[in-house]
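Single-structure report; data block below.
Rule-based calculations on the coordinates, nothing more; no lab input. Every value quoted in this text rests on a predicted model; they were computed, and no experiment measured them. Don't worry about glycine lacking a Cβ; one is built from the backbone with ideal geometry, like all the others, and counts go over all protein chains shown.
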Amino acid sequence: MRTKHVEVVEHDEGWHDQFRRLQQRLTQGLEEAGMGGALVGIEHVGSTAVCGLWAKPILDIDLVYRERSDLTGIARALAKLGYTDEGNLGIPGREAFAYDELPGLMTHHLYACPQDSAELKRHITFRDYLRSHPQAVKEYSQAKREAAQRFPDDIDNYIAYKSPVIEKLYRSCGLLGEGE
């Protein structure tokens, strides 16, 4: 799902409840399809997972599974829930799943990652760093608000504008070395 209009809003505590609803639905669907044993967990990642952080009102969810060989069964189970496998979209260690319409559920991005995925590690490390560093949340929120103000209809420039702040925060939490 590609963002056409960039809207960044103040953090909404209700996002956590929306995540739990989706988490429950996904867990139940995988269990009913016989794939519950492949599931390690379901993580709420991205900006909506961080209290106080301004965000696009779109949940980012990582479904974490045990073995890379489990992906085929997981994709079949997710298809029964209305999701379509889009492949890794150029990011190894993360499979993206799209949907057309899931009434009553908040807009979200769903990814499936094996438990040893570098992308999963990046998502969790960044989320946890932000959760424990209020100043970083303020700085990142400001960059996101400015980017959305400047580029409300251009997701690529929105991303590019906030990238220097993300890179700085990645260095702070150990995701990038000084020379990267």
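Before moving on, here are some points about what is shown:
- Segment Ser69-Asp12, length gained on full extension (0.36 nm per residue, minus Cα span): 16.8 nm
- Note that segment 45-55 has calculated 3J(HN,Hα) couplings of 10, x, 5, 5, 8, 10, 4, x, 8, 5, 7 Hz, one per residue in order, obtained from phi through the Karplus relation 6.51 cos²θ - 1.76 cosθ + 1.60 (θ = phi - 60°); glycine and proline are x.
- Taking the C-alpha atoms only, the angle from helix 155-172 to the longest principal axis of the chain is near 80 degrees.
- Kirkwood Rh and Cα Rg combined as Rg over Rh, evaluated for segment 91-176: 1.00
- In this rough spin-label picture, where each label sits 7 Å from Cα along the Cβ direction, the Glu101-Ile124 distance is 3.7 nm.
- The H on the amide N of Glu86, modeled in the peptide plane, is under 5 Å from the matching H of Ala96, Phe97, Ala98, each at least 5 residues off or on a different chain.
- If you look at the Cα atoms of the chain, you get an Rg and a Dmax of 16.4, 48 Å.
- Bridge orientation summary for segment 14-172: considering DSSP beta bridges with both residues in this region, about 65 percent are antiparallel.
- Proximal charge balance of Lys80 [Cβ under 13 Å; K/R count +1, D/E count -1]: -1
- Mean projected area in nm² (Cα convex hull; one quarter of hull surface) for segment 93-135: 4.3
- Estimated vicinal HN-Hα couplings, Hz - segment 73-90 in sequence order (Karplus 6.51, -1.76, 1.60; Gly, Pro = x): x, 5, 4, 5, 5, 5, 4, 5, 8, x, 9, 10, 6, 9, x, 8, 6, x
- Relative contact order (%) - criterion: Cα under 8 Å, at least six apart; region: segment 14-172: 20
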